[in-house]
1. Please go through segment 68-114 and give me each residue that is at pLDDT 95 or above, small (Gly, Ala, Ser) and surrounded by fewer than 22 Cβ atoms within 10 Å (Cβ to Cβ), ordered by number.
2. Does VAL59 qualify as being modelled with pLDDT of 90 or more, of a type in the set (Val, Ile, Thr) and assigned to a loop (DSSP other than H, G, I, E, B)?
3. Say we look at segment 169-203 and pick out the residues that are assigned to a strand (DSSP E or B) and in contact with a Phe, Trp or Tyr (Cβ under 6 Å, 6 or more places away or on another chain); which of these is surrounded by the most Cβ atoms within 10 Å (Cβ to Cβ)?
4. Taking segment 115-136 only, how many residues are modelled with pLDDT of 95 or more and out of contact with any Leu (no Cβ under 9 Å at 6 or more places or on another chain)?
5. Search segment 118-138 for residues being among the hydrophobic types (A, V, I, L, M, F, W, C) and surrounded by 18 or more Cβ atoms within 10 Å (Cβ to Cβ), and hand back the single one that is farthest from VAL189 (Cα to Cα).
6. Hey, SER259 hits all of (1) crowded, with 17+ Cβ neighbours inside 10 Å; (2) part of a loop (DSSP other than H, G, I, E, B); (3) modelled with pLDDT under 90 but one; which does it fall short on?
7. Within segment 283-304, count every residue that is touching a helix residue (DSSP H, G or I) at 6+ places or on another chain (Cβ under 9 Å) and more than 21 Å from ALA185 (Cα to Cα).
8. Can you confirm whether LYS182 is among the basic types (Lys, Arg) and free of Cβ contacts under 8 Å to residues at least 24 places away in the same chain?
Amino acid sequence: MQNITRNITQENGGSPSKETRPTLDLALNDLTICEAHTLSDTNGARLTLSGAAARPWRVDMEPNIFSLMRACQASQLDDCFVSEAPKDTIFVPGCMLSAESLELTTAVYSWLCAHSLVDGITFRCCGNILKTMSSPAEREQYLCDLRQQLAVHEVSCIITACPNCYKAFNLLKNENSLCDYKVLALSEVLAKSGMRIRASDTSYCIHDSCPDRTSGVFAASVRSLFSSTAAQGANCNTLCEMKHNREQSRCCGLGKMLSLTDPNASAKMREARAKEFFQTDANKLVTYCATCTQAFQTSEAKRYCWHYLELLFDIEIDWQANQKRFEHCLACVSG
């Protein structure tokens, strides 16, 4: 990719100067990571959305915001769970990535198929979002059906592009003895296959996703995609780190659906994270979670933020067009 920033061409190819970077007067020390930010009312009960407010996000119902966004892009991909044929290894792109860009999702899936790494793709949600959008009983019913689908199709391996899905599918496996499969991070599969992001004079800064804090598998493997291979020699990319990274990373502001339950806190966390990026010398802010990427599109860092798959497959997502599509689909589902 030639652009350092989205929709802006910079002839010198460098990072924005310290003078032109936004000044955000937010105290990082006053903001907690999303895992510590409890979504609870004054009585300590967990906050959930219900009724019309939750309906667009109910992945256990059709249509939902994600299925409608995929439909708007005229998907040509068939969900492997529709058929009864066994699928040993499946690709789970995750709700947000597949909804934001079927073009990029298709490119990744085509690459996996070309290398005989998967037998099918499914758009089924891992069920994580239902923690906030449904009752415990409704979520358990959805997970029961998901476990059954995995068993019926004899799935032994899940490759996922989503850190939330990676964590959720591992928890699902550990909580039920009938689930016997392994879960692989897409970035790990890509890195081990020798895929690398093209070397350039661009410097990058990686934002680490909340659900990856424990395993660190995405953090490590995505960073390795920026390193040189034997064929590339010593010409590799420059990585800068934010003060809070990997297991100490700060939330993008969309964790646990915080933007819906506490918009003000969500905005503060998002801009504080953007401030950390601007404190580095990086040209681009790189994410490996599509939800995080979407979060930064409404921050001061929106022109500098890219999902690593955009860089790896040289496909740029039009996040602004996606926002209009999102608003249209949200209105449709909300009725």
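1. ALA107, SER110, ALA114
2. yes
3. Only one residue tops the list, namely ALA185.
4. 6
5. Looking at residues that are among the hydrophobic types (A, V, I, L, M, F, W, C) and surrounded by 18 or more Cβ atoms within 10 Å (Cβ to Cβ), I get MET133.
6. Among (1) crowded, with 17+ Cβ neighbours inside 10 Å; (2) part of a loop (DSSP other than H, G, I, E, B); (3) modelled with pLDDT under 90, SER259 violates only (2).
7. Result for segment 283-304: 11.
8. no
The values are calculated or read from the model by the stated rules, or taken from the named source; none is laboratory data. Predicted model, so just to flag it, every value in this text is computed and none were measured. In this analysis, Cβ positions are derived from the backbone assuming ideal geometry, glycine residues included, and neighbour counts consider all displayed protein chains.
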